[in-house]
Amino acid sequence: MKNRRAPLAILTTIALLFGGSVAFALARGGRMPVGNPTVPQPSKPVSLDDYLGLWYEIGRYENAFERGLEGVTAEYRARLDGAIQIINSGRRGGVSGRVSTAMGRARVVAGSQNAKLKVSFFGPFFLGDYWVLDHADDYAWSIVGEPSGRYLWLLCRAPDPSAETRAAVLARAQELGYDTDLIRPTMQ
């Protein structure tokens, strides 16, 4: 009579090893490094009318939901219910890759002078922080982060800003306490 438990034990061991490897990879890959352990409060109020519109991402801290995306844009539109519609787009694998789009919504955090938003791309139960940490007086650029210091986005109104503008935005991010070596430039 054959031992039927041996194949079951082998399959169980393989499943446990595979499951453990997947869990380890997800835990390791899902935890982004802290690029700023002391994220500052937003430095100035935000005029929503001036902030709305199309922004081009010129750099970011790499994150799981944007991995492999280039040509990233974020568009903000006022909604009739007072919320802000968000349309994030990017191209998979390069600037000529297939377009990937995520739609979300945001609400201004009361008392934040419009500089802090609660955003959701997955329904009302999963809210994230979106802080406009600084912006140009004419809204030509913006630096966006959140309290954990694991996420950072550098945004410009132009897809290919001048070298001076890029340097100024990077210098300001560094002044705000961010490790600029973790910034991944975004191709547009």
Among (1) within 20 Å of the chain's Cα centre (by Cα); (2) loosely packed, with under 14 Cβ neighbours inside 10 Å; (3) modelled with pLDDT under 95; (4) not in a helix (DSSP H, G or I), residue 1 falls short only on (1)
Would you check which residues across region 28-62 are within 14 Å of residue 151 (Cβ to Cβ), of a type outside the set (D, E, K, R) and in contact with a Phe, Trp or Tyr (Cβ under 6 Å, 6 or more places away or on another chain) and list them?
35, 36, 61
Residue list for region 67-82, filter: surrounded by fewer than 18 Cβ atoms within 10 Å (Cβ to Cβ), of a type in the set (A, V, I, L, M, F, W, C) and under 22 Å from residue 141 (Cα atoms)
78
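Being part of a loop (DSSP other than H, G, I, E, B) and modelled with pLDDT of 95 or more is true for just one of 96, 100, 89. Which residue is that? Please lay out each step first, then the result.
On the way: 100 fails: part of a loop (DSSP other than H, G, I, E, B); 89 fails: part of a loop (DSSP other than H, G, I, E, B).
None of the other options fit; the residue is 96.
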For residue 126, only one of the following conditions fails: (1) at pLDDT 95 or above; (2) at negative phi. What is its number?
(1)
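Can you tell me which of 131, 141 is touching a helix residue (DSSP H, G or I) at 6+ places or on another chain (Cβ under 9 Å), closer than 26 Å to residue 37 by Cβ and modelled with pLDDT of 95 or more? So that I can check it myself, show each step before the final result.
On the way: 131 fails: touching a helix residue (DSSP H, G or I) at 6+ places or on another chain (Cβ under 9 Å).
Answer to the check: 141.
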Failed condition for residue 111, given (1) loosely packed, with under 13 Cβ neighbours inside 10 Å; (2) touching a residue at least 12 places away in the same chain (Cβ under 8 Å); (3) out of contact with any strand residue (DSSP E or B) (no Cβ under 6 Å at 6 or more places or on another chain), with all others met?
(2)
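The values are calculated or read from the model by the stated rules, or taken from the named source; none is laboratory data. All values reported here derive from a predicted model rather than from experimental measurement. Counting neighbours? That spans all protein chains shown, and the Cβs are built from the backbone with ideal geometry, glycine included.
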